[in-house]
Amino acid sequence: MAYSDRIRGAYQATLKGIEDAGLFKRERLIHSPQAADIEVEFPTGSPLKKVINMCANNYLGLSSHPEVIKAAHEGLEKRGYGMSSVRFICGTQDIHRELENKLTAFLGTEDTLLFPSCMDANAGVFEAILTKDDVIISDRLVHASLVDGIRLCSAMHDTIKHSDMEHLEEKLQLHADKRFKLVVTDGVFSMDGDAARLDEMASLCEKHEAMILVDDSHATGFIGRTGRGTHEKCGVVGKMDVITTTFGKALGGASGGCVSGRRELVEMCRQRARPYLFSNTIAPVVVEGVLKVMDLITKSTERRDKLEKNAAYWRRGLTEAGFVLKEGDTPIVPVMLFNAKLAQDVSRALYDEGIYAIGFFFPVVAQGQARIRTQISAGHEIHHLDKALEAFVKVGRRFDILGKTKQEIVAKYGL
Amino acid sequence: MAEELKDIVLKYVTKEYLEDDSEPLTYETPLISGGIVDSFSMVSLKRFLENKYQIAIPDEEATPEAFDSVNKIVALVERFVAKKG
């Protein structure tokens with residue numbers, strides 16, 4: 001052991017620096033299943049408080065759905081707890097392949113490969129399918145897991161301004177000499193809640209012989225008329241070369257993700273993607289849970305329809321109350337506060353009013369773009385949304401931000 | 001050449017990386033350490049300069065430090081243009 005005072009002191013100083021900068025993250029302990037109503041211990045050691053959860057990725061409200069829980073229980077009995085193996089040694093059960101096939105049909109792709117998480121899918125896919133002779137052109141607001149995956153790959157990497165199609169075309173021309181070009185985007189952007197213009201992107205990719213990869217983690221299961229995702233919303237099902245997505249959000253919220261897309265690209269991942277090759281298979285209990293979720297959302301669009309109505313209701317309420325919102329039509333509704341401390345103070349004040357909604361600030365979002373990201377669920381009832389709205393209005397009034405423009409909020413609180 | 005080059009780089013960086021409501025850049029604005037340009041996005045600037053001035057900047061020279069302001073970028077480009085003769 002050589003964890004000397006000098007080493008410990010250096011880490012302590014770094015952690016203090018994070019805390020002094022107001023960037024220290026603390027977990028809030030939840031003592032109940034994930035749902036619209038949760039019981040939270042915050043700060044740690046405090047009595048439990050019943051609050052409305054406005055910041056979960058539980059878009060379809062399936063995280064604690066009785067049928068999903070039942071299916072997981074049955075899966076535990078039928079297929080056991082763990083596989084103690086990676087997929088290619090002795091970690092693939094029939095249900096893993098069954099889930100891959102169901103996802104392929106649902107997403108409208110050619111094949112699918114499960115990963116322990118979408119973070120892992122994104123970490124593995126680029127290195128598996130590209131080389132130093134290729135270029136990746138990504139939107140500047142793509143998720144951190146895509147950025148990390150791109151960093152692990154030897155291909156050249158360039159970026160475009162957020163959703164700027166003219167810029168994308170310039171970059172496709174600039175890199176015309178590369179062997180393969182891969183355009184990368186989120187389907188729905190997690191911090192802003194806007195959807196990618198996949199129809200225009202697909203056309204440009206076709207024109208310039210580029211592939212397209214979309215991370216649809218904040219869309220699979222509920223965006224598009226039947227919840228297939230952003231490609232369905234944009235009318236380009238079948239035109240996405242790679243879709244990565246997660247089971248950790250709308251699809252039950254436990255864990256796991258996948259790479260779905262062109263047969264050869266998926267096969268390359270099976271052969272070469274390191275998080276697939278060197279990480280344990282998804283536990284059978286989770287696979288059975290996701291299979292049940294796939295059944296539920298394939299049979300009926302009731303939950304995604306309710307989510308769409310809830311999100312529109314919530315957005316309209318906040319707009320009428322006078323908050324500055326990021327534009328969009330997804331269940332991610334960011335309330336813009338711009339100043340990091342204001343975002344944290346508003347979050348705390350909302351908590352006191354029984355509303356759990358977290359402030360996001362640099363480096364999670366750009367400097368001067370601090371916000372409360374609210375996320376709507378099909379698990380919310382109108383009374384949840386009304387109560388949350390009441391609390392937002394009360395807190396908004398207290399901080400004198402209702403009806404104020406960005407400039408006015410910035411003038412009062414700074415950036 | 002330096003003045004012309006400075007303006008070309010400043011214009012390119014402004015168009016490429018700044019949003020419409022951003023503060024205007026100066027020749028000394030820290031681009032990468034200031035969070036305006038992420039290190040990935042340097043690629044297009046590097047390719048633009050290489051194409052325009054017919055130079056090749058090796059990756060080991062295209063460091064975040066060397067691209068951290070318009071003045072530093074200009075110095076880097078001038079060095080490679082001079083090498084080319």
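What follows is calculated from the coordinates using simple rules that are stated; it is not laboratory data. Just so we're clear, the structure is a prediction, and the values are computed from it rather than from any experiment. Backbone-built Cβ (ideal geometry, glycine too); neighbour counts: all protein chains shown.
Figures for the structure shown
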item: Charge tally in the Cβ shell below 15 Å around A:PHE399, where Lys, Arg are +1 and Asp, Glu are -1, A:PHE399 excluded; result: +4
item: Scaled radius of gyration (Cα, divided by 2.2 N^0.38 Å) that the stretch A:156-289 gives; result: 1.11
item: The stretch A:66-299: relative contact order as a whole-number percent, Cα under 8 Å and 6+ apart; result: 31 percent
item: Per residue convex hull volume, Cα atoms of the stretch A:302-413, in Å³; result: 90 Å³
item: DSSP beta bridges in the protein assembly as shown [antiparallel fraction, %, rounded to 5]; result: 60 percent
item: Semi-axes of the equivalent ellipsoid for the stretch A:253-295, Cα gyration tensor, largest first, Å; result: 22, 14, 7
item: Centre separation in Å (Cα based) which lies between the stretch A:329-381 and the stretch A:75-128; result: 33 Å
item: Of the GluC sites (Glu not before Pro) in the stretch A:200-293, those whose Cβ has at most 12 other Cβ within 10 Å and which sit in DSSP loop; result: A:GLU209
item: Nonlocal amide H pairs with A:PHE338, under 5 Å, H built at 1.01 Å; result: A:ALA370, A:ARG371
item: Relative contact order (%) - criterion: Cα under 8 Å, at least six apart; region: chain B; result: 37 percent
item: Kyte-Doolittle mean at least 1.0, axial Cα span of 18 Å or more - DSSP H helices of chain A; result: A:284-299
item: Semi-axes of the equivalent ellipsoid for the stretch A:1-123, Cα gyration tensor, largest first, Å; result: 37, 25, 16
item: Under Karplus coefficients 6.51, -1.76 and 1.60, residue-wise ³J(HN,Hα) of the stretch A:357-372 in Hz, glycine/proline x; result: 8, 9, x, 10, 8, 3, x, 5, 10, 5, 3, x, 10, 4, 7, 9
item: Alpha-carbon centroid distance for the pair the stretch A:265-311 / the stretch A:133-194, whole angstrom; result: 24 Å
item: Chain A, relative contact order in percent, only Cα pairs under 8 angstrom and at least six apart counted; result: 20 percent
item: Residues A:THR44, A:THR245, sorted so that the one with the fewest Cβ neighbours within 10 Å comes first; result: A:THR44, A:THR245
item: Cα gyration tensor, chain A - rounded (a/c under 1.5), prolate or oblate; result: rounded
item: The stretch A:66-299: equivalent-ellipsoid semi-axes (sqrt of 5 x gyration tensor eigenvalues, Cα, Å); result: 30, 19, 13
item: Helix B:42-53 vs. chain B, principal-axis angle (Cα, 0 to 90°, nearest 10); result: 40 degrees
item: Compactness of the stretch A:332-389 - radius of gyration and Dmax, Cα, Å; result: 11.8, 35
item: Lysine-lysine proximity count for the stretch A:1-119, Cα under 30 Å, sequence distance 8 or more or distinct chains; result: 9
